[in-house]
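> Below: one structure in structure tokens.
What follows draws every value from the coordinates through simple rules; no lab data is involved. Since this is a predicted model, take the numbers as computed values, not measurements. All Cβ positions, even for glycine, are placed from backbone atoms using ideal geometry, and neighbour counts span all protein chains on display.
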Amino acid sequence: MKKLSLLILIGFFSLFIPSAALGDAVVGEVIVTLGENLSVDQQRLLLQEMDVAEDVPIIFVTNQEEHQYLGNYISKQKIGTRAISSARITMLEAGAGITVRTNNIDWVSEGMYANALVTAGLTDADIYVTAPFKVSGTGALTGIIKAYEISAEIEIPEEQKQVANEEMVKTAELGDRFGFEQATELMTRIKEEIAKNPVTTDAELRDLILRVAKELGITLTDEELNGLVSLFNRMKDLNIDWNQVQNQIGKIRDNLGDFLSREDTQTFIGKFLEVISELINVIKGWFTKG
């Protein structure tokens, strides 16, 4: 539960939207991505499970592509040596939002897939991610992005994808050390402080991060501190459409559906989504000042 909530929370602050990505998308169009290392029998069984037509467009994802897009932020062990996870993507009508379901995926959450789509500028799609046995799911994440780039005939700037992945992984790693709530609070407080008093130099940013961390009882290593300074500097250089981000919060909240209705997750994730919504307006000020 906490991993899913973390990815949802972090991902909303990592949405860098290229323009008109869905301009040529056709409602009802279906695209399938398959891991290249699936056997012929496994491919056949997954296509049956996805319940797709025989002539459905299929895009294959290689393990090399997984390492290309995620290798700077996720361990080689986590990515693995085979591309297995696969996905069915169905284009929906405008305003439908993003719906994600998974099967046999044990590391990448529904929220992470949803945010990858929004990062690519896609807002209305039904996604089903699956594998013939338990896998991390990194191949499907790479495949979904690749499928939309090909389908919509766009190229998402590499820097946008890299920064989104970097923020997600860095916050998750801090969560491993200090706990989910502390890591989230650290990132949020840094953004709030910069929104109120924009920094102009690396030294000011470094001091701000250290001060907030100290207030929270967090002792950052030099590597962690340098990583956060680099991340926030890179983030400020990108074109973030915060109005689009805010719009997607409500849609993804609605499409969490059954997950949010569960008693053990409803209050926890719901409260964090409310906090995110409130923070969007604050963070807008940070990126528009100066």
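> What FRET efficiency comes out for the pair E93/R234, r = Cβ-Cβ distance, R0 = 30 Å, nearest 0.05?
My answer for the efficiency is 0.30.
> Tell me the label-point distance for the pair E155, N104, using the 7 Å Cα-to-Cβ offset, in nm and rounded to one decimal.
3.5 nm
> For a quick check: with amide H placed at 1.01 Å from N, whose amide H comes under 5 Å from V100's, ignoring anything fewer than 5 positions away on the same chain?
I127
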